[in-house]
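Asker: Below is a structure I'd like to ask you about.
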Amino acid sequence: MNILSKMWSFGSATVAAAIIGACYLLLNRRRKAIAPPRGCSLDKQSVPVEGEKGVYKCGFLQGKDSTLTYLYPEVTTLYETFLRGLQKSENGPCLGERTDSNSPYKFLSYAQVNRQSSDFASALVKVLGVKPGNETNMGIYAKNSPKWYISSLGAISQSIVVVPLYDTLGADAATFIVNQAEIAVIVVDNVDKARKLIGAKSSIPTLNHVVVLEEADVNEALVEEGKQVSVAIHRFSTLLEQGAKNKVEAVKPKTDDTYIICYTSGTTGTPKGVMLSHKNVVANLTAFEYTLKAFLKDGALDKDDVLISYLPLSHMMEQMSHWVMIMNGASIGYFQGSIKTLTDDIKELRPTIMPVVPRLLNRMFDALMGKIETSGTVVKTLFNVAYSAKLSMLQKGVITNSTIWDKLVFGKIQHAMGGRLKIMATGSAPISDKVLETCRIAFGCTIIEAYGQTEATALAVATWPGDAEGGHCGGPAPCAVIKLADVCIKGPSVTKGYYKDEEKTAELFDEEGFLHTGDIGCIRENGSLKIIDRKKHIFKLAQGEYVAPEKIEQIYTRAHPVQQVYVDGDSLERWLIAVVVPETEVLQEWDEREHGNKRSIEEICRDDKAADFVLSTLVKIGKENKLNSIEQVKKVILEVDPFTVENGLLTPTLKAKRPQLRLKYINAMAAVYKANPTL
């Protein structure tokens, strides 16, 4: 995604802008800061739960209760969540998409979504013979789209459980899921996936029906292929027509009914199906909504807000983003399905709300700083003055995109993001203080950093709007209480367990009912939570010092020559090694500049001088981010082949499989240690 490639060009007019900016500093008008609710303080982001030693609750949750489950009495299930949105929207736009980058977004209204989901539900029951109720599971194997949501809403209206499937699961994991969940109906977006399922029928005997959303390529040959193995192929539009003629009443879900089973592959073993109830999800929505209302007031969500949907709906972060928009009668626009066209989609849609993963914020930060570093003195000076001015405001809780600096310096990046962003939410991985600070300044919007996991629905801890300090993930959300030093979570948004797996469910909770996340953390002086690392990833070096490798990797990933990095060590050694998958273009440019060579990336990666060059950039960025000497790697191994899901080194959610990485590189690291005994 090349959002920043053309944003940061400065014409000669920017010299005059510096003079205007100086005048602005003299006339700087007071702007309203985001402040915590009355009686609350950024210095007290969590408070002890009375009568429970070492347990902390949300620092701005009013009243004596430790957690909050429902904010609106009429909203206790996701079925009711949609009905509230239907009423709040006044039949406004609900779900939108575009066919290509030259087309505008076209939206279905809330009434249209309501009707189509009802027709789909009727077809499930009357045409496909699906039994309503919470014992039935329906699979969705498709990219984000209005039809994805409509299909899920139809299932919800019959109390049917939604089971998302996705490509990066791999064939074995997908087969396991379909069989364990005994799925008879799977919704797919294209005929390729339909054929894949038809071909796997012998391994997934419960499958009887495949519904194709993008139906233009559905033909009699495909239908006949399905018949040969007793799988009926259905066009989505045909089912809607049939359902409209065979209406059934809604079988409304109860709050404790399961809404979704999210399968997580983890780093080892078979997938685990996290069961999340309607209450779990509504409690999470409630926490986010309560937070926005408590802090932003005028900035709380309403029917005029727009979400850009591009993160997979198989993940709970995107699910939460959807449902909080729906609850407020707001609209959702879907990307075309390719990251390459996401920039165009954002510009056209002009979203106000955008969830974002740290990796994307890192890329934006790197592109911006790279552009500034190669600019002339005047541009650098202007940027630094603008940055300092907005940083001063940010530290006072003032978040704005309407200063002179936004117009002169930061306007292009804001325009590329549509120019209307109010709130960004990030999570799933750590993010550095500097990246977060820079993005808050450049985008001029509230950026909330959240911590949680699928087993806690999504959100368990989050930064407070208006808190400019980095290096932590905020205090407990209103839906959760936490205890330490192993980070443990309890509350109405925590799963009831793993589907058909009592043994792993029992391992998940302690005797007090707390969910054990597997992370190590600490409560800082201001009551915010700081995550140190995954408990199982922390290891000790020979001198007795403990090392948290993911923290180091998060910093090193931002080094210019680094595409991917894996940091490891040996308990019998005193220093760390990094395995780096380099950015090919950066390393080849270095090679030509330093040696006048035009070698292949394979040749360069075998050159010790190239490894030393990469090491120097790691050490430099490590020092800038205050890594101590123990945390800094001393040697680099260059790897040509990226870590991928396909080669077994990443999970389907693109997290490192550390046991597999260690196994792959253990001999190479041993050789490096042996060659450098006195380092």
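What follows draws every value from the coordinates through simple rules; no lab data is involved. Model, not experiment: these values are computed from the prediction. Reconstructed Cβ throughout: ideal geometry from the backbone, glycine too, with neighbour counts over all protein chains shown.
Asker: Based on DSSP H runs of at least 4 residues, each adding -39500 (n - 2.57), what is the mean residue ellipticity at 222 nm of the chain after dividing by all its residues, to the nearest 500 deg cm²/dmol?
Answerer: Value at 222 nm, helices only: -11500 deg cm²/dmol.
Asker: Pop a pseudo-label 7 angstrom from the Cα along the beta-carbon direction at both E503 and K64 and give the gap in nm to one decimal.
Answerer: 4.4 nm
Asker: Cα to Cα, under 13 Å, and not fewer than 8 places away if on the same chain: which aspartates and glutamates meet these conditions relative to K504?
Answerer: E455
Asker: While we're on this one: With θ taken as phi - 60° and the coefficients 6.51, -1.76 and 1.60, list the Karplus ³J(HN,Hα) couplings across segment 122-137 in order, rounded to whole Hz; mark glycine and proline as x.
Answerer: Running phi through 6.51 cos²θ - 1.76 cosθ + 1.60 with θ = phi - 60° gives 5, 5, 3, 7, 7, 8, 8, x, 6, 7, x, x, 7, 8, 9, 10 Hz.
Asker: Given a cut-off of 24 Å, name the pairs among K44/K279; K536/K664; K131/K245; K434/K623 whose C-alpha atoms lie farther apart than that in the structure shown.
Answerer: K44/K279
Asker: Shifting gears a bit: For helix 377-395, what angle does its Cα long axis make with the longest principal axis of the chain, in degrees from 0 to 90 and rounded to 10?
Answerer: Here the helix axis deviates by roughly 60 degrees.
Asker: Determine by what factor the alpha-carbon radius of gyration of the chain differs from 2.2 N^0.38 Å, reporting the quotient.
Answerer: 0.99
Asker: Taking the Cα centre of segment 537-673 as origin, work out the dipole magnitude from +1 charges on Lys and Arg Cβ and -1 charges on Asp and Glu Cβ, in debye rounded to 20.
Answerer: Details: 19 positive and 22 negative charges, 109 e Å.
That gives a dipole near 520 debye.
Asker: Here is a further query. In this model, which of K88/K254; K490/K657; K88/K396; K272/K655; K64/K297 are farther than 25 Å apart at the alpha-carbon?
Answerer: Where the Cα-Cα span goes over 25 Å, the pairs concerned are K490/K657; K88/K396.
Asker: Return the distance in nm (one decimal) between the two label points of a simple spin-label model at D100 and R420, each offset 7 Å from Cα along Cα→Cβ.
Answerer: In this crude label model, D100 to R420 measures out at 2.5 nm.
Asker: Tilt of helix 171-180 relative to the longest C-alpha principal axis of the chain, in degrees (0 to 90, nearest 10)?
Answerer: Compared with the principal axis, the helix lies near 40 degrees.
Asker: Pop a pseudo-label 7 angstrom from the Cα along the beta-carbon direction at both D608 and K247 and give the gap in nm to one decimal.
Answerer: 8.0 nm
Asker: Assuming R0 = 41 Å, what is the FRET efficiency of D486 and D256, from their Cβ-Cβ distance, to the nearest 0.05?
Answerer: On the way: r = 28 Å, r/R0 = 0.67.
That gives a FRET efficiency of 0.90.
Asker: Tell me, in nm to one decimal, what length is gained between S203 and R235 on full extension, where the rule is 0.36 nm per residue of separation less the Cα-Cα distance?
Answerer: Numbers: separation 32, 0.36 × 32 = 11.52 nm, distance 2.38 nm.
Length gained between S203 and R235: 9.1 nm.
Asker: Within segment 630-666, find all residues whose amide N lies under 16 Å from a label point positioned 7 Å from the Cα of A171 along Cα-to-beta-carbon.
Answerer: Residues 646-648 qualify, since their backbone N sits under 16 Å from the label point.
Asker: Could you give each residue of segment 486-500 its phi-based ³J(HN,Hα) in whole Hz, using Karplus coefficients 6.51, -1.76, 1.60 with θ = phi - 60°, and x for Gly or Pro?
Answerer: 4, 6, 10, 10, 9, x, x, 9, 8, 4, 7, x, 8, 5, 6
Asker: What's the angle, to the nearest 10 degrees (0 to 90), between helix 316-327's Cα axis and the longest principal axis of the chain?
Answerer: 60 degrees
Asker: A follow-up question, please. Run the dipole for segment 378-525 about the Cα centre, Lys and Arg Cβ at +1, Asp and Glu Cβ at -1, nothing else charged, and hand back the magnitude in debye, nearest 20.
Answerer: So the magnitude is around 1180 debye.
Asker: Pick out, from P677, I601, S616, the residue whose Cα sits farthest towards the positive end of the charge dipole of segment 538-679, with +1 on the Cβ of Lys and Arg and -1 on the Cβ of Asp and Glu.
Answerer: P677
Asker: Mind checking the full-extension length gain between R524 and H595? Use 0.36 nm per residue of separation minus the Cα-Cα distance, one decimal, nm.
Answerer: 20.7 nm
Asker: Taking 0.36 nm per residue of sequence separation and subtracting the Cα-Cα distance, how much length would be gained by fully extending the chain between N667 and E90, in nm to one decimal? Present the calculation step by step, with values, prior to reporting the outcome.
Answerer: On the way: separation 577, 0.36 × 577 = 207.72 nm, distance 6.40 nm.
My answer for the length gained is 201.3 nm.
Asker: Now for a different question. Filter K126/K500; K347/K371; K196/K227; K483/K535 down to the pairs with a C-alpha to C-alpha distance above 26 Å, please.
Answerer: In this structure, K126/K500 exceed 26 Å between Cα atoms.
Asker: Follow-up. Could you sort the peptides 210-216, 507-513, 387-393 by per-residue average Cβ neighbour count (10 Å cutoff), highest mean leading?
Answerer: Ranked by mean Cβ neighbours within 10 Å, highest first: 210-216, 387-393, 507-513.
Asker: Follow-up. Treating only the Cβ atoms of Lys and Arg (+1) and Asp and Glu (-1) as charged, compute the dipole magnitude of the chain about its Cα centre; round to the nearest 20 debye.
Answerer: Once rounded to the nearest 20, the dipole reads 1620 debye.
Asker: With point charges of +1 on the Cβ of Lys and Arg and -1 on the Cβ of Asp and Glu, referenced to the Cα centre of the chain, which listed residue (G243, L587, A460) lies farthest in the positive direction of the dipole?
Answerer: The listed residue farthest towards the positive side: A460.
Asker: Could you tell me which of T438, V211, S101 has its Cα farthest along the dipole of the chain towards the positive end, charges placed at Cβ (Lys, Arg +1; Asp, Glu -1), taken about the Cα centre?
Answerer: Result: T438.
Asker: Would you list, by chain and number, the aspartates and glutamates whose Cα falls below 14 Å from the Cα of K106, excluding same-chain residues fewer than 8 positions away?
Answerer: Those aspartates and glutamates meeting the cut-off are E97, D345, E348.
Asker: Cut-off under 14 Å on the C-alpha distance; same-chain residues fewer than 8 positions from K530 excluded. Which aspartates and glutamates are left, in chain and number order?
Answerer: D433, E449, E469, D486, D519, E550
Asker: Follow-up question, since we're still on this one. Across the Cα atoms of segment 463-581, what radius of gyration and what greatest pairwise Cα-Cα distance (Dmax) are found, in Å?
Answerer: When restricted to Cα atoms, segment 463-581 yields Rg and Dmax of 17.4, 47 Å.
Asker: Shape call for segment 221-370 from the C-alpha gyration tensor, a ≥ b ≥ c root eigenvalues: rounded (a/c under 1.5), prolate (a/b greater than b/c) or oblate?
Answerer: Details: a/c = 1.60, a/b = 1.36, b/c = 1.18.
The shape class here is prolate.
Asker: Right, here's the next one. Which whole-Hz ³J(HN,Hα) couplings does segment 350-356 yield from phi under the Karplus relation 6.51 cos²θ - 1.76 cosθ + 1.60, θ = phi - 60°, glycine and proline marked x?
Answerer: In residue order, the calculated couplings are 6, x, 9, 10, 8, x, 8 Hz.
Asker: Now for a separate question. Please give the net charge around G329, taking every other residue with its beta carbon less than 13 angstrom from that of G329, where Lys and Arg add +1 and Asp and Glu add -1.
Answerer: Local charge sum for G329: -2.
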